[in-house]
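J.: Quick one: the structure is below, questions incoming.
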Amino acid sequence: MTARRRDPFLFPAGVTLGSANVVLHASARQHRVDDFAGPLSIKTVVRGTVTWICAGRPLTVGPGSFLVLDQGERYSMDIDEPEPVETACVFFRNGFVESAALDATTPLTASLDDPGRAAPGLPYLSRVHSDTERAIVRRVQRFAEECSRQLAPSAHEEEFALLASDLLEFYAEFRELAARVPAARPGTRGELLRRLSRAREFLHANTGQPVSLEDAARAACLSPFHFHRAFRAVHGVTPHRYLTSLRLQSARADLLAGVPVTEACFRAGFSDLSSFGRLFRSEFGCAPSRAHPNFARSA
């Protein structure tokens, strides 16, 4: 992906998405994808933020989150920014992650007796996920840095297997969270989780804007009381704390990229420098100024 290029992807000879495990690491000021349906993929953003549009929903990814899109799920994106936006994405071979899930959930004897058994579905996986520990984000981005070409199949299938394993472990934790949805009937639980996911997507898309509890509840089509209660039950934190964590991750990424502290504070949606500094120290164990590369050079 290069500046002003409009092609959806750059392919090395003989490689097609879906038939091989592929890593894409690119930086551009302008890039557009229209209604593309690819294999199961993980999308992360190294610098800036990117919004993918899927089924009319804006799915915004920043430094503390990643997006999973399922095989065949159509999406669009349109980057047009004054500063380069850098992404690191992994596209899995069709059936690769599902096969890993099958092996992880059945004993070895089952594999010996029935090697062609059907892989399980992975509901709830396709969505924006918060990754405050940056476990998935770090692995994808570290892997992307190791690739010498813009788009290249890796010679190390083991790395893709490890990434699939990490993704499935993350997914298992998310399924446990989904089980906390305060609803007795499976249908009601699924609908409530869908609405909470819409609210999470709204929070991810508005980290730099003022957001009230009523705004987030409206995105979920729930009353503020029921939204707050259900969100906390599922995610273990309040919507406000969740949004604050996203904003702090965004500010930290800006600081590491050399953005001045005051600008990083306001760009991330904070309105007060002193409270921003206090929250930043609580989250990362240091003052915002110590996260800036200028501090490292002068220390």
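J.: For the list (1) modelled with pLDDT under 80; (2) touching a Gly at 6+ places or on another chain (Cβ under 6 Å), I need the number of the one condition that Leu102 fails.
T.: (2)
J.: Being assigned to a helix (DSSP H, G or I) and more than 17 Å from the chain's Cα centre (by Cα) is true for just one of Ser250, Ser197, Ser274. Which residue is that?
T.: Values: Ser250 fails: more than 17 Å from the chain's Cα centre (by Cα); Ser197 fails: more than 17 Å from the chain's Cα centre (by Cα).
Answer to the selection: Ser274.
J.: Same structure, new question: When only residues in region 245-299 that are surrounded by 13 or more Cβ atoms within 10 Å (Cβ to Cβ) and β-branched (Val, Ile, Thr) count, which is modelled with the lowest pLDDT? Reasoning before the result, please.
T.: Filtering region 245-299 down to residues surrounded by 13 or more Cβ atoms within 10 Å (Cβ to Cβ) leaves 245-257, 259-261, 264-270, 273, 276-277, 279-281, 283-284, 287-292, 295.
Subset that is β-branched (Val, Ile, Thr): 259, 261.
Values: Val259: 89, Val261: 92.
Residue satisfying both the conditions and the ranking: Val259.
J.: I need the strands (runs of 3 or more DSSP E) fully contained in region 1-91, keeping only those with at least 1 residues that are of a type in the set (Ser, Thr, Tyr), at pLDDT 85 or above and out of contact with any His (no Cβ under 7 Å at 6 or more places or on another chain).
T.: Working: elements: 22-37, 41-47, 50-54, 57-61, 65-69, 74-91.
By residue number, 22-37, 41-47, 50-54, 74-91.
J.: Considering only region 160-194, state which residues are touching an Asp or Glu at 6+ places or on another chain (Cβ under 9 Å) and either at pLDDT 80 or above or in a helix (DSSP H, G or I) (or both). Outline the logic, then answer.
T.: As a first pass, look at region 160-194 and keep what is touching an Asp or Glu at 6+ places or on another chain (Cβ under 9 Å): 170, 183.
The one that is touching an Asp or Glu at 6+ places or on another chain (Cβ under 9 Å) and either at pLDDT 80 or above or in a helix (DSSP H, G or I) (or both): Phe170.
J.: So which pairs qualify, if the first residue must be in region 154-178 and over 20 Å from Leu193 (Cβ atoms), the second must be at pLDDT 85 or above and among the polar types (S, T, N, Q), the Cβ gap must be under 6 Å, and the two must be at least 6 apart or on different chains?
T.: Once the first residue is over 20 Å from Leu193 (Cβ atoms) and sits in region 154-178, its partners that are at pLDDT 85 or above and among the polar types (S, T, N, Q) give Phe160/Asn21.
J.: Something else now. Scan region 61-87 and report the pairs whose first residue is among the basic types (Lys, Arg) and whose second residue is surrounded by fewer than 23 Cβ atoms within 10 Å (Cβ to Cβ) and in a strand (DSSP E or B), with Cβ atoms within less than 6 Å and a gap of 6+ or a chain change.
T.: What qualifies is Arg74/Asp35; Arg74/Ala37.
J.: Okay, next question. May I ask you to say which residue of Ser148, Ser111 is hydroxyl-bearing (Ser, Thr, Tyr), in a loop (DSSP other than H, G, I, E, B) and at pLDDT below 90?
T.: Numbers: Ser111 fails: in a loop (DSSP other than H, G, I, E, B).
The match here is Ser148.
J.: Same structure again: Determine the pairs where a residue that is at positive phi and modelled with pLDDT of 90 or more, located within region 226-238, has a partner that is in a helix (DSSP H, G or I) and β-branched (Val, Ile, Thr) with Cβ atoms under 6 Å apart, the partner being 6 or more residues away or on another chain.
T.: If the second residue must be in a helix (DSSP H, G or I) and β-branched (Val, Ile, Thr), no pairs are left.
J.: Next up: Which residues, taken from region 44-85, are over 14 Å from the mean Cα position of the chain (by Cα), closer than 24 Å to Thr132 by Cβ and not hydrophobic (A, V, I, L, M, F, W, C)?
T.: Arg57
J.: Give region 228-255 a look and list any residue that's of a type in the set (Ser, Thr, Tyr) and in contact with a Gly (Cβ under 8 Å, 6 or more places away or on another chain), or say none.
T.: Filtering region 228-255 for residues of a type in the set (Ser, Thr, Tyr) gives 238, 242, 244-245, 250.
Matches in region 228-255: Ser245, Ser250.
J.: Identify all residues within region 189-234 that are surrounded by 15 or more Cβ atoms within 10 Å (Cβ to Cβ) and among the charged types (D, E, K, R); write none if there are none.
T.: If the condition is that a residue be surrounded by 15 or more Cβ atoms within 10 Å (Cβ to Cβ) and among the charged types (D, E, K, R), then Arg189, Arg195, Arg198, Arg200, Glu201, Asp215, Arg218, Arg232 are the ones that fit.
The values are calculated or read from the model by the stated rules, or taken from the named source; none is laboratory data. For clarity, every value in this text was computed on a predicted model and none was experimentally measured. Ideal geometry is used to build each Cβ from the backbone, glycine not excepted, and the neighbour counts take in all protein chains shown.
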